[in-house]
Amino acid sequence: MASTSLAVRRDGGIVVATLNRPDKLNALNKDVFDELKRLVDVLETDKTVRALIMTGSGEKAFCVGADLKERQGMNEKDILVRLEFVRSLYLRLERLPVPTIAAINGSAMGGGLELALACDLRIASDNATLSFPEVDLAIIPGNGGTQRLSRVIGLAKTLEMVLLGKRLTANEAFGHGMVNMVVANGQAVVQAMSWAGKIAEAGPIAIRNAKNAIRVGYERSLEEGLSLEIDCYKACLYSKDRLEGLKAFSEKRKAVYRGE
């Protein structure tokens with residue numbers, strides 16, 4: 001999984017993908033998106049992966065958004081093609097069967113915050129700041145920012161943050177429910193690894209179906225969501241993992257799940 005703009009490493013069932021352009025504050029360009037697409041291609045079908053952590057290199061920035069120098073060389077058609085590509089890519093990331101965790105170190109701005117919002121869980125270092133400054137550049141968040149943020153923190157706070165280009169501290173973001181936890185500077189990836197490790201110990205079929213039930217059910221009516229929940233429960237009910245869990249409990253030992 002070697003790469004340049006996106007450094008990818010694996011620790012057991014945990015994949016850590018690091019935006020690797022620290023000199024550009026991990027700004028997003030074509031190379032980053034192409035490499036992220038290749039990673040998503042793998043993760044959609046690799047059943048040995050249990051969790052994905054997204055982070056940025058260095059302590060100054062998780063990701064400051066689009067590479068504006070590259071953007072200056074693009075015409076309107078080029079930009080629209082890129083937007084559509086990234087929209088589809090972030091949807092695929094969001095819909096990965098495995099849980100995804102954004103470890104936010106430093107600034108998460110514009111497209112970088114949109115990337116974090118496409119993840120299931122978010123952990124921020126206490127030096128992190130989160131913002132959508134697009135209106136100050138005469139544009140709007142165009143890769144899910146207006147839609148995902150409002151689903152996370154509500155309509156009023158999203159309007160406030162986007163229309164005012166408001167920058168939140170990590171603790172303010174936590175107060176709004178935008179991040180799940182705030183940790184000391186330099187500890188975001190450490191905490192993300194701890195959470196990913198806990199996820200990796202659980203039954204993978206259960207984890208995948210729990211994520212599916214929550215993510216998909218959230219966009220449906222309660223009745224439709226309850227029906228989906230039963231279908232997801234059935235996928236666990238008839239698995240070998242469920243029997244292993246019961247056996248391990250009765251034998252007072254740690255379960256060994258195989259995703260079967």
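Laboratory data are not the source of any read-out in this text; all were calculated from the coordinates shown. Everything numeric in this text was worked out from a predicted model, so none of it was measured. Heads up, the Cβs are rebuilt from the backbone with ideal geometry, glycines too, and the neighbour counts pull from every protein chain shown.
Quick notes
- Look at the dipole of the chain built from charges on Cβ: of A213, T169, Y238, the Cα furthest out on the positive end belongs to Y238.
- The trypsin sites (Lys or Arg not before Pro) of region 193-260 that DSSP puts in a loop, and whose beta carbon has at most 16 other beta carbons within 10 Å, are R220, K252, R253, K254, R258.
- Applying both filters, DSSP loop and at most 14 other Cβ atoms within 10 Å, to the trypsin sites (Lys or Arg not before Pro) of region 153-191 gives K166.
- Relative contact order of region 203-250, pairs being alpha-carbon contacts under 8 Å that are 6 or more residues apart, as %: 43
- Within region 144-253, the ratio Rg/Rh, alpha carbon atoms throughout and Rh by Kirkwood, equals 1.09.
- Relative contact order of the chain, defined on C-alpha pairs under 8 angstrom at six or more residues apart (%): 16
- Gain on full stretching of the segment that runs from D126 to D31 - 0.36 nm per residue minus C-alpha separation: 31.3 nm
- When you filter the trypsin sites (Lys or Arg not before Pro) in region 57-151 for DSSP loop state and at most 16 other Cβ atoms inside 10 Å of their Cβ, you are left with K60, R95.
- Highest-MSF residue in the chain out of N127, N75, N209 [GNM, Cα springs under 10 Å]: N75
- In this rough spin-label picture, where each label sits 7 Å from Cα along the Cβ direction, the Y238-D11 distance is 3.7 nm.
- DSSP-defined antiparallel bridges as percent of all bridges, the chain, nearest 5: 30
- Rounded to the nearest 20 debye, the dipole size of the chain about its Cα centre is 640 debye, using +1 on the Cβ of Lys and Arg and -1 on the Cβ of Asp and Glu.
- Comparing A66, A156, A235 in a Gaussian network model of the chain (Cα springs below 10 Å), the most mobile by mean-square fluctuation is A156.
- Candidates Q191, Q72, Q147: whichever shows maximal mean-square fluctuation once the chain is modelled as a Gaussian network with Cα springs under 10 Å: Q72
- Helix-only [θ]222 nm of the chain, DSSP H runs n ≥ 4, -39500 (n - 2.57) each, per residue, nearest 500: -14500 deg cm²/dmol
- Highest average packing first - 37-47, 104-114, Cβ atoms within 10 Å: 104-114, 37-47
- As a proxy for reagent exposure, ranking S150, S221, S194, S239 by other Cβ atoms within 10 Å from fewest up yields S221, S194, S150, S239.
- Region 147-201: relative contact order as a whole-number percent, Cα under 8 Å and 6+ apart: 24
- With the convex hull drawn over the C-alpha atoms of region 203-250, the volume per residue is 61 Å³.
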